[in-house]
1. With +1 on each Lys and Arg Cβ and -1 on each Asp and Glu Cβ, how big is the dipole of the chain about its Cα centre, in debye rounded to the nearest 20?
2. Multiply the residue gap between Y221 and V76 by 0.36 nm, knock off their C-alpha separation, and tell me the result in nm, one decimal place.
3. Specify the angular offset, from 0 to 90 degrees and rounded to the nearest 10, of the alpha carbon long axis of helix 2-15 from the longest principal axis of the alpha carbons in the chain.
4. Restricting to DSSP H runs of at least four residues, report the calculated mean residue ellipticity at 222 nm for the chain, -39500 (n - 2.57) per run over all residues, nearest 500 deg cm²/dmol.
5. For A94, enumerate residues with amide H under 5 Å from its amide H, sequence gap 5+ or separate chain, H modeled in the peptide plane.
6. Put a dot 7 Å past each Cα toward the Cβ at V199 and D132; how far apart are the dots in nm?
7. What do you get for Rg/Rh over segment 119-221 if you use C-alpha atoms and the Kirkwood form of Rh?
8. Spelling out what I want: for every residue of segment 42-48, take phi, set θ = phi - 60°, compute 6.51 cos²θ - 1.76 cosθ + 1.60 (Karplus), and round to whole Hz; glycine and proline get x.
Amino acid sequence: MRKLAVALALASTALASPALARDDSWYVGVEGGVMLVEDLSLDIGTAANAATVNHDYGYDVGGVVGYDFGGFRAEVEVAYRQASSDFINVTGAAIPSSALALATFRGTTPTNGSVNALSFMLNGMLDFGEDDGLQGFVGAGAGVARSGVTNVFANPAWLDDSDTGFAWQVIAGVRAPLTHNIDAGLRYRFFNADNVDLVDRLGRNVGTRVRTHSLMGTLTYNFGEPPAPPPPPVVAPPP
């Protein structure tokens, strides 16, 4: 009977243990890593899919401020991503290849431009797994992004413009606590900004979309208090 009483006391203490530092608290985090840009398909003037721009690997960095409700998190994110252009393949409307636009170009040629996007997003995240170990999460976000595209063939550039519009993203990753307040993790992010409307040096409308895939390391600080050690169980003295 005494062993049963001790076991029941320990079980009730475990059930009454407080949440870890990340639950029901604010947190801040930073993230950064490598990014892959999907080829940009450019509509130039009235010519749809007139050119395609390929890019090298780039980088993606950002920061978040959020609140952990326990199983669900809401966060505000600011991020910036950029990658250098590798080459452009022009199949439709010709583009100027000189500063005076006296010559035009079709075909494939290297280019030293870039693509970038500054985004402000509101994310919702669902957590899976125990708080005191490796934990997975999935989420999505929506907001606005300032997307810019530059493709340089001469001075001045043929295309150097940016546009602000709606953007969305999906997120998945894992995280684990390093201490009661600090988490480290790995995050994948797919970012999409449709209907990026630009204007080239000749005054023609250039339409495209920016899609990126990022793999980033994360570091998060949780402002919650670490759990207090449980009190020792009270065991009645033997009769």
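The values are calculated or read from the model by the stated rules, or taken from the named source; none is laboratory data. Quick caveat, the model's predicted, so the values are computed rather than measured. Don't worry about glycine lacking a Cβ; one is built from the backbone with ideal geometry, like all the others, and counts go over all protein chains shown. Keep in mind that these areas ignore ligands, DNA and RNA; they rest on the heavy atoms of the full protein, side chains included. Shrake-Rupley method; radii C 1.70, N 1.55, O 1.52, S 1.80 Å.
1. On the way: 14 positive and 24 negative charges, 49 e Å.
Magnitude of the dipole: close to 240 debye.
2. On the way: separation 145, 0.36 × 145 = 52.20 nm, distance 1.48 nm.
Additional length available on full extension: 50.7 nm.
3. Result, in degrees: 30.
4. On the way: 1 runs with 14 residues, N = 239.
After summing the helix terms and dividing by residue count, I get -2000 deg cm²/dmol.
5. When sequence neighbours closer than 5 places are left aside, there are no close amide H contacts.
6. The answer from the label model is 6.2 nm.
7. Numbers: Rg = 18.5 Å, Rh = 15.9 Å.
Rounded to two decimals, Rg/Rh equals 1.16.
8. 9, 8, 10, x, 8, 8, 7
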